[in-house]
Amino acid sequence: MRKQIVAGNWKMNTTPEQGIELVKEIMKNIGHACTSVNYIVCPPYTHLSEVAKITCGTAIQVGAQNCAEEAKGAYTGEVSAEMIASLGVHYVILGHSERRQYYGETSATLNKRMRQAYANGLVPIYCVGETLEERESGKLWDVVKAQIEEVIFELTADEFRHAIIAYEPVWAIGTGKVASADQAQEMHAFIRKTLAVKFKDAATQTPILYGGSVKPDNAKEIFAKEDVDGGLIGGASLKAEDFMGIGKGFN
Ligand code: PGA
């Protein structure tokens, strides 16, 4: 039985005050939620500490949206995995397409971030996904396979057991265009098969989340698919009601 996960990627949204309000609202609702679902919120760095404190001991877990490549030192503006972990934060999103697209993240930089995450006990939520052009030209399988092989295949078997993968087709992020449940399933099954080449049976246990315009009204159909174990939610994670509504998609 794989973990069911609904993770909220707040991106560069909410002031600390708004973020705290949002997480309090989520906490109020969690009592009525399905207990088998793991909820993770990923606020900006500025309120990670406060959100981690407020949620400590509750069913909500906290993740960062990135971590530095290096352990410490003269890297102005960076935040290390050690700093993040010291706040009681357990997860870190790595390889989000916005990081790849706007900040030049590559497999090489992501491997370094992965090293830092594992060295500090953070669980990576590693994002993969193709652009519209790559999908339309039929390159989607090669693109996603390379994103997995170049980074996830560098992990040890023991590290891999903790990893979470998120499939986020770039064309579906923030666009309102959601992949059909069948398109999601097709790619999730492909990802699991790819993972199994190196990690064998352990791949059957890896949570693979779908991300890209997930809303309360489409979550149920997507989550019903065999290889979809939850969602990484952007826009809809900024409203407690929608975020919790997506969790109900598992029922
Ligand atoms: P979206 O973003 O739900 O707003 O499409 C998903 C993500 O980028 O993680």
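Derivation of every value follows stated rules applied to the coordinates shown; laboratory data play no part. Note that this is a predicted model, so its numbers are computed, not measured. Neighbour counts run over all protein chains shown; Cβ positions are idealised from the backbone, glycine included.
Some notes on this structure:
- Candidate lysines - alpha carbon under 23 Å from Lys53, same-chain residues fewer than 8 apart omitted: Lys11, Lys24, Lys28, Lys239
- Cα gyration tensor category, rounded, prolate or oblate, for the chain with a/c compared to 1.5: rounded
- Taking Lys and Arg as +1 and Asp and Glu as -1, the other residues whose beta-carbon sits under 11 Å from that of Lys112 total -2.
- Longest site-free stretch - the chain; sites: chymotrypsin sites (Phe, Trp or Tyr not before Pro), DSSP loop, at most 14 other Cβ within 10 Å: 104-251
- Pairwise label distance in nanometres, Glu82 with Ala189, each label 7 Å out on the Cα-Cβ vector: 4.6
- Relative contact order %, region 4-250, counting alpha carbon pairs below 8 Å whose residues are six or more apart: 20
- Over the chain: helical MRE at 222 nm, DSSP H runs n ≥ 4 each giving -39500 (n - 2.57), nearest 500: -12000 deg cm²/dmol
- Ascending count of other beta-carbon atoms within 10 Å, so fewest first, for Met114, Met27: Met27, Met114
- Whole-Å distance, taken between Cα centres, linking region 140-200 and region 2-32: 25
- Among the trypsin sites (Lys or Arg not before Pro) in region 163-198, those located in a DSSP loop and surrounded by at most 16 other Cβ atoms within 10 Å of their own Cβ are Lys177.
- Each Lys or Arg adds one and each Asp or Glu takes one away; over the other residues whose Cβ falls under 12 Å from the Cβ of Tyr103, this sums to -1.
- Close amide H pairs (under 5 Å, H built 1.01 Å from N) link Val92 with Ala64, Val123, Ile125, residues at least 5 positions away or on another chain.
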